[in-house]
Amino acid sequence: CEPDPCFAGVTCTDAVAPATGYTCGPCPTGYSGNGETCVDTDGCAANPCFAGVSCTDAVAPATGYTCGPCP
């Protein structure tokens, strides 16, 4: 686990000898990925708001989204 290959805040576990390598834990809340690379989960990706209404993604570590006002 040197030099800390996992995403910030993700636990790194060394493989037990004689094996080599490591595994990263899950991404923090609000992020998705493999633990080594984590990206902000886009709450607006599924178009959850009414047609034509703006959607604002919550910035990680928050989750979810906020819809604009109804037309």
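Summary of values
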{"read-out": "Pairwise FRET efficiency - Ala62 versus Asp4, Cβ, R0 = 30 Å, nearest 0.05", "value": "0.75"}
{"read-out": "Cut-off under 5 Å, modelled amide H: who pairs with Gly35 long-range", "value": "Cys27"}
{"read-out": "Rel. contact order, % - alpha carbon contacts under 8 angstrom, at least six apart, the chain", "value": "22"}
{"read-out": "1.4 Å probe accessible area per residue over the chain, in Å²", "value": "69"}
{"read-out": "Prolate/oblate/rounded call for segment 15-65, Cα gyration tensor, a/c under 1.5 rounded", "value": "prolate"}
{"read-out": "Amide H contacts of Tyr22 (H built 1.01 Å from N, under 5 Å, at least 5 apart or other chain)", "value": "Ala15"}
{"read-out": "Fully extended contour minus Cα-Cα distance, from Asp42 to Cys70, at 0.36 nm per residue", "value": "8.0 nm"}
{"read-out": "The chain - percent of accessible surface contributed by carbon and sulfur, probe 1.4 Å", "value": "58"}
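The values are calculated or read from the model by the stated rules, or taken from the named source; none is laboratory data. As the structure is a prediction and not an experimental result, all values here were calculated from the model. Counting neighbours? That spans all protein chains shown, and the Cβs are built from the backbone with ideal geometry, glycine included. All accessible areas refer to the heavy atoms of the entire protein, side chains included, with ligands and DNA or RNA removed. Shrake-Rupley method; radii C 1.70, N 1.55, O 1.52, S 1.80 Å.
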